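First up is the structure itself, then whatever we jot down about it.
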Ligand SMILES: *Cc1c(COP(=O)(O)O)cnc(C)c1O
């Protein structure tokens with residue numbers, strides 16, 4: 001049975017409907033190993049599509065600048081409570097429209113314009129908002145960056161040396177392309193020694209943290225941020241969490257939690273997105289269920305199996321393996337760029353994105369590495385045996401691609417079709433959760 005909205009969409013806008021149906025088919029038929037991808041639960045999507053879409057209400061629960069926010073106040077208060085419970089936080093702000101918006105709000109709260117920001121370099125796995133030159137955070141602030149050692153691991157001695165030399169106001173721990181745990185306690189020691197705030201960005205591993213399978217930085221950091229659509233199975237959006245320092249005075253003398261809230265609204269955003277906050281509330285309830293924990297466990301087991309199987313086939317992995325959902329392949333000895341690998345895999349129905357690796361001399365648009373992640377396969381119910389199968393398929397694609405005509409970079413159609421059919425057989429056996437039957441479509 002179609003809802004009224006869905007029926008009218010199909011009826012009145014076939015052009016858009018066809019594109020949306022195409023996306024449902026694409027997500028089901030392709031094998032997504034995109035490390036930043038998640039799968040929003042159907043109940044999350046339903047909460048986010050509800051009546052709250054029409055509420056416009058600047059401010060916070062009980063202190064709005066518009067009338068009529070009663071039910072929304074309840075929803076936002078519930079989302080905050082659930083965020084605190086999910087992460088053991090003392091304070092949560094659920095309004096950021098994205099992880100980037102959360103980071104921007106926190107940085108503007110803690111750092112003056114021109115203040116020194118110490119974060120992980122982009123090619124070593126850092127995020128744009130950690131002070132990359134292409135980001136506003138690299139222009140408003142004075143970015144200094146740390147890298148990784150020859151072993152691929154974050155080098156704490158280097159961070160301490162840079163911190164003593166540059167006296168940052170904020171140090172950021174956390175990454176978009178780093179397959180290992182951060183030592184939050186060590187970071188906090190360094191931050192305390194130089195009088196910096198510690199921001200830990202757990203966008204990629206928030207689900208593992210919530211499941212208790214990855215160190216929880218919330219009480220160690222001054223502020224923790226995350227996006228909600230990666231491992232939390234939530235809507236597009238961000239979260240800011242504060243732990244034991246939440247009521248300590250911030251840079252302006254007010255409690256840190258108030259300074260952060262004001263940096264979100266009115267500092268960097270206007271009205272919140274009430275529907276997205278309802279969806280966050282739903283997602284944050286799900287992360288405490290046993291099913292979510294089981295999936296998080298599978299994410300880790302899958303990543304370990306994928307890493308082991310790729311290593312066995314001779315692929316070079318950054319840091320030699322993983323202790324998260326992420327596996328980073330260094331392609332520099334294969335003759336393939338990240339872009340070539342990404343394209344060849346996509347031709348066969350396998351999705352994984354190109355990514356820079358430490359010391360990369362190519363541009364980020366080409367890149368010398370490939371980033372893989374197991375969030376989506378685990379949510380389809382794929383386990384370690386299927387990950388060994390994925391590694392075999394990836395290995396075959398990369399070998400064919402390395403031998404492919406170097407001017408066309410296209411796979412031999414026979415090989416391509418053969419692998420594509422095997423990928424399709426695998427995805428058919430493990431359909432996306434809640435995939436509506438798309439019979440009759442097309
Ligand atoms: C994805 C990511 C973000 C940004 O999140 P968006 O919601 O895409 O803006 C921030 N930090 C890290 C480490 C990320 O991986």
- Could you please let me know if residue 234 is touching a strand residue (DSSP E or B) at 6+ places or on another chain (Cβ under 9 Å) and within 14 Å of the ligand (Cβ to nearest atom)? yes
- Query: In this structure, is residue 108 modelled with pLDDT of 95 or more and either under 16 Å from the mean Cα position of the chain (by Cα) or buried (at least 24 other Cβ atoms within 10 Å of the Cβ) (or both)?
  - Reply: no
- Item | The one condition in (1) surrounded by 19 or more Cβ atoms within 10 Å (Cβ to Cβ); (2) at pLDDT 95 or above; (3) in contact with a helix residue (DSSP H, G or I) (Cβ under 8 Å, 6 or more places away or on another chain) that residue 243 fails to fulfil | (3)
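Each row is one residue, and each column tells you yes or no for (1) out of contact with any strand residue (DSSP E or B) (no Cβ under 9 Å at 6 or more places or on another chain); (2) modelled with pLDDT under 95; (3) crowded, with 22+ Cβ neighbours inside 10 Å; (4) more than 29 Å from residue 429 (Cα to Cα).
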residue	(1), (2), (3), (4)
352	no, no, yes, no
369	no, no, yes, yes
375	no, no, yes, no
384	yes, no, no, no
393	no, no, no, no
401	yes, yes, yes, no
405	yes, yes, no, yes
408	yes, yes, no, yes
- Note on the structure: Of the conditions (1) in contact with a strand residue (DSSP E or B) (Cβ under 7 Å, 6 or more places away or on another chain); (2) within 19 Å of residue 205 (Cβ to Cβ), the single one that residue 311 does not satisfy is (2)
- Message: With in contact (Cβ under 8 Å) with a residue 24 or more places away in the chain, in a helix (DSSP H, G or I) and away from the ligand (no atom under 16 Å from the Cβ) as the only criterion, which of 28, 11, 73 stands out?
- Response: 28
- Note on the structure: Checked against (1) in a helix (DSSP H, G or I); (2) under 18 Å from residue 125 (Cα atoms); (3) touching a helix residue (DSSP H, G or I) at 6+ places or on another chain (Cβ under 7 Å), residue 327 satisfies every condition except (1)
- Query: Before we move on, is residue 245 on the phi > 0 side of the Ramachandran plot and either in contact with a strand residue (DSSP E or B) (Cβ under 9 Å, 6 or more places away or on another chain) or assigned to a loop (DSSP other than H, G, I, E, B) (or both)?
  - Reply: no
- Message: Being in contact with a helix residue (DSSP H, G or I) (Cβ under 9 Å, 6 or more places away or on another chain), more than 22 Å from residue 86 (Cβ to Cβ) and either assigned to a helix (DSSP H, G or I) or not assigned by TED's automatic domain parsing to the domain that holds residue 202 (or both): is that true of residue 262 here?
- Response: yes
- Count, please, the residues in the stretch 85-107 that happen to be within 12 Å of the ligand (Cβ to nearest atom) and assigned to a loop (DSSP other than H, G, I, E, B). 3
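The values are calculated or read from the model by the stated rules, or taken from the named source; none is laboratory data. The model shown is predicted, which means the values in this text are computed figures rather than measured ones. Backbone-built Cβ (ideal geometry, glycine too); neighbour counts: all protein chains shown.
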